[in-house]
Structure formats: structure tokens, C-alpha cells
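K.L.:
Before I ask anything, here is the structure I am working with.
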Amino acid sequence: MSLSVQFLSLLAMIGTGIGAGAFMDLIGTGVDATGKKSIIRKYAVPLEVIGWILIGCASFYVLFIVRDGAWRMYDPVAQICGLLLYASIFHRPFRFFGRILNMLIIKPIWFIIMLVVKMISFIVKLIVRIVRFLLSPFIFLYNKVYNSLFKSVEE
């Protein structure tokens, strides 16, 4: 294996470490943003375990692409270096771009979804109120007849 291929694989492993740091930061931030009684917070540990498993699979996939899956002793060190690079240098820019992504893409889509849900809910409530209004005379008559049929004679 040539020196350039080893250097490329080292950079790829550092990149997977940076990606792992960003992914785990994303999971941690998402769990922290939920409420105290949220189901996501309840299952935070299994979510993190699943996240680490996904990171491991993605790292092996990158390793498979770069070096046909050949693992070297410096790969874990390179990944830890990538995690430390994320924590020291890339943490703030990733968070900044995440906030921009949230404001420009996620919140407008969520707003549109909630608007559609509220409109459908309003239409359903309106239809139910109209039907109840139209049926109210029949319900009144039914209650009058029902109450008069089963009254005792002694009253």
C-alpha cells in the first residue's frame, strides 16, 4: 500500500471521527430539546447506542471503500483525533449551520404541516358542529319520548 493511500485512509478515518462527533452531538442536542416527559428522552440511551452502531457501520463502510475493509492499528486513533477535532474546532460551525438549516428548512416545513393539520381539524370540528345543530331537534324529541316512556306510574 502506497503512502498516499495510507494518508487518504487516515484522512478518511479522521473524517469519520468528525462525522461521528457531529452525529452524536445531533442526537444529544435533539434529546436535550425534548420535554422532561418525552418518549425520546425516555429512550435516550437506546437511541445513543443505535447511533454508535450506525457510526460504526458507516466507518466500516468508509474503510471498505478506501481500503477494501483492511483495518489498521492507527484507525481508532484517527477516529478519536476526528472526535477531538470536532469537539475543539468544528463544534461551533456545525451548530451554526444546524441552526440555519433549522430556521430555513425544518421550521417552515413544520409550520406548513401544522397549518394543514389545524385546517383539517377546524373543518372536521365545523362539520361536527353543523351535524349536531341539525340533529339537535331530533335528539331533543328522542330524550323527551325516552324519558316519558320509562317513567313510573307512581310519579
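The values are calculated or read from the model by the stated rules, or taken from the named source; none is laboratory data. No experiment lies behind these values; they were computed from the predicted model shown. Neighbour counts are summed over all protein chains in view; Cβ atoms, including those assigned to glycine, are modelled from backbone coordinates with ideal geometry. With ligands, DNA and RNA removed, areas are computed over all heavy atoms of the protein, side chains included. Shrake-Rupley method; radii C 1.70, N 1.55, O 1.52, S 1.80 Å.
K.L.:
Select from region 91-106 the residues that are touching a residue at least 24 places away in the same chain (Cβ under 8 Å) and either open to solvent by 70 Å² or more (accessible area, probe 1.4 Å) or over 24 Å from the mean Cα position of the chain (by Cα) (or both) and list them in ascending order.
P.N.:
Scanning region 91-106 gives F94, R95.
Residues checked against (1) touching a helix residue (DSSP H, G or I) at 6+ places or on another chain (Cβ under 9 Å); (2) open to solvent by 100 Å² or more (accessible area, probe 1.4 Å):
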site	(1), (2)
C57	no, no
Q79	yes, no
L85	yes, no
W110	no, yes
V128	no, no
S136	no, no
I139	yes, no
N147	no, no
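K.L.:
Being of a type in the set (A, V, I, L, M) and closer than 13 Å to G17 by Cα is the filter; apply it to region 59-68 and report the residue that is least open to solvent (accessible area, probe 1.4 Å).
P.N.:
The residue in question is L63.
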